[in-house]
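Data block below; observations after.
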Amino acid sequence: LQKEWKQIGAIGKKQSDAVWKRFVAACDYFFEQKAANYSDKYSEEIANLKAKKAIVEKIAAFERTDNKEQDATAIQAFIDEYNKVGFVPYRDKDKLAKAFKAATDKFDDLLHSKRADKASSERAKLLKEYDRLKAEIATYENNIGFFANSKNTNPLVEQMKQRIEQLKQ
């Protein structure tokens, strides 16, 4: 708008002062609102920075117990809490990320074992589903063998073949 103002050029002296004062007041209002908005955002980012630093300190101060699963759950809770906190000031994000990584690296063995347990249980679930589908396909293929010689059951055989294809997909 300020560029447009310059391009428009001069107007009569009578109107010029009144219009200029209105324009300057509007610009001042805009920049005041912008500063207020960004100061709120910046203060929120500062609060987030403090919260994340506190979580990093908690992780760094965490003492292992004899219960690995409980320790892994506690560390994962800290990580989840850290991730839920919002943005931090841009200039501090790399330094904070390095501190977080350094604090969590001490617990990689716990975190990887927990992730591995989760992955293996997911794998077992998928393998069980795969075996179930394979058995269902075998049943349909076996049933087709009974109906293959009959002339009256053609639609039923076609329906079973379609179902086998669906299960294979």
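All other residues with a Cβ under 15 Å from the Cβ of Lys93 taken together, and with Lys, Arg as +1 and Asp, Glu as -1, what is their net charge? Walk me through the intermediate numbers first.
Details: positive: Lys41, Lys50, Lys52, Lys53, Arg91, Lys95, Lys98, Lys101; negative: Glu44, Glu45, Asp92, Asp94.
So the surrounding residues net to +4.
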Distance in nm between label sites at Gln2 and Ala99, each 7 Å beyond Cα in the beta-carbon direction? 3.7
Lys34: which aspartates and glutamates have alpha carbons under 18 Å from its alpha carbon, excluding same-chain residues fewer than 8 sequence positions away? Glu44, Glu45
Please determine, in degrees from 0 to 90 and to the nearest 10, the orientation of helix 68-84 with respect to the longest principal axis defined by the Cα atoms of the chain, where the helix direction is its Cα long axis. 40
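Please give the per residue accessible area of the chain, computed with a probe of 1.4 Å over protein heavy atoms only, in Å².
Working: 13620 Å² over 169 residues.
I get 81 Å² per residue for the chain.
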Name the residues of region 19-48 whose amide N is less than 19 Å from a point 7 angstrom out from the Cα of Tyr90 along the C-beta direction? 34-48
Could you state the angle between the C-alpha long axis of helix 154-168 and the longest principal axis of the C-alpha atoms of the chain, as a value from 0 to 90 degrees rounded to the nearest 10? 50
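What percent do you get for the relative contact order of region 1-121 when only Cα pairs under 8 Å and 6+ apart count?
Working: 50 pairs, mean separation 35.7, N = 121.
Once divided by the residue count of region 1-121, the mean separation gives 30 percent.
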For the Cα atoms of the chain, what angle does the longest principal axis make with the long axis of helix 13-61, in degrees from 0 to 90, nearest 10? 50
Carbon and sulfur together cover what percent of the accessible area of the chain at a 1.4 Å probe radius? 55
Counting only pairs 8 or more residues apart or on different chains, how many lysine pairs in region 55-133 have their Cα atoms under 16 Å apart? 12
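The values are calculated or read from the model by the stated rules, or taken from the named source; none is laboratory data. It should be emphasised that the depicted structure is a prediction, and the values quoted were computed from it without experimental measurement. Quick reminder, even Gly has a Cβ in these numbers, built from the backbone with ideal geometry, and neighbours come from all protein chains shown. What goes into the accessible areas is simple: the full protein's heavy atoms, side chains included, and nothing from ligands, DNA or RNA. Shrake-Rupley method; radii C 1.70, N 1.55, O 1.52, S 1.80 Å.
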